[in-house]
């Protein structure tokens, strides 16, 4: 859902509710969460928190510096390049197939 054009959600509570419910439903359905760190994001942080509490693997893909401890703490894995991401995803897929 692209809502980047909205600059202020204060008068759009119903839309905000729909977006959050939709996003959290996707987190619940996912096998793994990949959070791409390109700057602070309230939504991504909460999705990571929810996923971790649901016992899902959370991968933080951070090709640049991460100047805050929060996404690190709520990650199962922290990687910094695409090659590492592919290797990790293949390993997680292999684990799932063998369990």
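Here are a few things to note about the model shown:
- Of all positions in the stretch 83-98, none carries a residue that is in contact with a helix residue (DSSP H, G or I) (Cβ under 6 Å, 6 or more places away or on another chain) and surrounded by 15 or more Cβ atoms within 10 Å (Cβ to Cβ).
- Top-ranked residue in the stretch 4-39 [being in contact (Cβ under 8 Å) with a residue 40 or more places away in the chain and in contact with a strand residue (DSSP E or B) (Cβ under 7 Å, 6 or more places away or on another chain); ranked as farthest from residue 95 (Cα to Cα)]: 35
- The stretch 40-68, subset over 9 Å from the mean Cα position of the chain (by Cα), assigned to a helix (DSSP H, G or I) and free of Cβ contacts under 8 Å to residues at least 24 places away in the same chain, residue surrounded by the most Cβ atoms within 10 Å (Cβ to Cβ): 53
- Residues in the stretch 4-34 that are within 12 Å of the chain's Cα centre (by Cα) and part of a loop (DSSP other than H, G, I, E, B): 3 in all.
- Per the conditions (1) within 25 Å of residue 3 (Cα to Cα); (2) surrounded by 15 or more Cβ atoms within 10 Å (Cβ to Cβ); (3) without any contact (Cβ under 8 Å) to a residue 24 or more places away in the chain, the sole criterion not satisfied by residue 78 is (1).
- Lone qualifier among 58, 66 - being over 14 Å from residue 33 (Cα atoms) and in contact with a helix residue (DSSP H, G or I) (Cβ under 8 Å, 6 or more places away or on another chain): 66
Here, each number is a calculation from the coordinates, and none is a lab measurement. None of these values were measured; they are calculated from a predicted model. Because the Cβ atoms are built from the backbone with ideal geometry, glycine has one as well, and the counts that use them run over all protein chains shown.
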